[in-house]
Structure formats: structure tokens, C-alpha cells
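Some notes on the structure that comes next.
Here, each number is a calculation from the coordinates, and none is a lab measurement. Values in this document were obtained by computation on a predicted structure and should not be read as measured data. As a convention, Cβ positions derive from the backbone with ideal geometry for all residues, glycine included, and neighbour counts pool all protein chains shown.
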Amino acid sequence: MERHRDFDEIGFGCWFARVTEFNEGETKQIMGLRRFIVITLLFITSALFFPRTFELRAEEGVMDLDVTSSAFGPNGLIPRKYTCDGDDVSPPLAWSGVPQNSANLVLISDDPDAPMGTWVHWVLYDLPPQTASLPEHVPPLETLASGAQHGRTDFGKLGYGGPCPPSGTHRYFFKLYALDVKLNLDSGATKKQVEKAMKGHILAEGNLVGRYKRERN
């Protein structure tokens, strides 16, 4: 009987060790899965709430530019003159804070509230870094006298295209970037092409936001 009891005790010990080993392995797998889920959720949340960081801001230490207009203030209403309901000319813009080692300035204006997705209103690149402003009514030429080049907007043309929202009040972002290189792009490049060429070269950036709502008769 003693031998049977010893055998039973040994058998139970082996069984308990195996179960314990299995449970420990299973616990490690569950913990690993939980860790993966938490990291994934954090990444998705960051991408949703801080999209600029993932879109263009590839380097730390990007400085801020101060972008202003004498035609409207931050989040102010854009005058009719600069929209499709008026003369449809570009508004005057000015800025400060461009780093001394900048080689190029890029200006992009778009409407994130457009019903079919962000609508591009203006793409201008290879602005000389010493440029501190743009006058009203920049001509829609391929290449300006300064050497700056116009890209193609979602209107299918070069140069500025003013706000023309189908309904409601839309926001219009005038975004300026200072780069450490000159872009090797021909005139007529799209916003997507310009942003791709800009990645990893942004020294400073800033924006001015204006709003516009069309009057209905």
C-alpha cells in the first residue's frame, strides 16, 4: 500500500507541475496579447488625435512660424473679395520666424471641411527663404519673378482658387513651411507630391485659419 501511495503522490505531483507550467505559459501569452492590444490602441489614438505628427512632422525640434494677413485675423471671416463670390484673388499674407538656415519656403492652402475630403486651394513652393510676405493677387503663373513655382490645385489649375463652399461655414488653412532644401519639382506638382518631397526637411511651420460661408439669396 505504501508503494501505491508513493506512486499516487508522484503522479499527482507530475500532473500539478504540468498544469502549473501550462497555466504559466498561457498567462504569458495572455499578457503578451494584452500588451500588444494596448500598444496598438495607443498608436491608433495618437494617429487620430495628433495627425500632424504622423503626416509631416518627421523630426523633433520643428520651430513655429507666425503667419498673418491684413485682410482677416486668426479664425476670422475671409472677405468676399478673396472668394469665388468676389474677385477670387489671393489674400495678402505675411510671416516671421523663418530660420536662418532655411533654403526654401512652401505655402499650401486647403479646406478640410469639403464634403469629398480636403480640397486644395493653393500650392506654392520654392519661395526664396528671405521672402517675408506675399501681396494681394499673386498672379497664377507657372513661375513667379522670385523663382517660386505654382503647383496644381484641386480646381485643376495653377495658382490660387478662393473659398467656394457648397454649404455651411468652412475653414481654410494657409500653411507655411520652411525647409532645409530646395524642392526638385517642376511647376504643376500636386500637394501630395510636394508634401512627399518635404518629409524630413521641415525646419519650421505655421498656419493661419480663415472661415467663409456663402450668402444664399
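What ³J(HN,Hα) values, in whole Hz, does the Karplus curve 6.51 cos²θ - 1.76 cosθ + 1.60 give for region 80-88 when θ = phi - 60°, with x put for Gly and Pro?
My calculation for region 80-88 gives 3, 3, 9, 10, 5, 8, x, 7, 6 Hz in order.
By the scheme Lys and Arg +1, Asp and Glu -1, what is the net charge of all other residues having a beta-carbon under 15 Å from that of residue 127?
Local net charge: -2.
Taking only Cα atoms of region 114-192, what ratio of Rg to Rh do you get with Rh as the Kirkwood inverse-distance radius?
Rg/Rh for region 114-192 comes to 0.97.
Determine the shape class of region 70-209: with a ≥ b ≥ c the square roots of the Cα gyration tensor eigenvalues, call it rounded for a/c under 1.5, and otherwise prolate if a/b is greater than b/c, oblate otherwise. Intermediate values should be presented prior to the final figure.
Details: a/c = 1.59, a/b = 1.45, b/c = 1.10.
Prolate shape, in that a/c is at least 1.5 and a/b is the bigger ratio.
So how many Lys-Lys pairs in region 55-212 land under 24 Å Cα to Cα, not counting same-chain pairs under 8 apart?
Eligible lysine pairs with Cα atoms under 24 Å apart amount to 16.
Count the net charge of all other residues whose Cβ sits under 15 Å from the Cβ of residue 105, scoring Lys and Arg as +1 and Asp and Glu as -1.
-4
Find the centroid of the Cα atoms in region 109-159 and in region 80-101, then give the distance between the two in whole Å.
Taking the Cα centre of region 80-101 as reference, the centre of region 109-159 is 9 Å away.
Please identify which residues in region 118-156 have an amide N closer than 17 Å to a label point set 7 Å out from the Cα of residue 184, following the Cα→Cβ vector.
The answer is 126, whose backbone nitrogens lie closer than 17 Å to the label point.
I want the local charge near residue 91. Using Cβ-Cβ distances under 15 Å, sum +1 for each Lys or Arg and -1 for each Asp or Glu among the other residues.
Neighbour charge sum, excluding residue 91 itself: -1.
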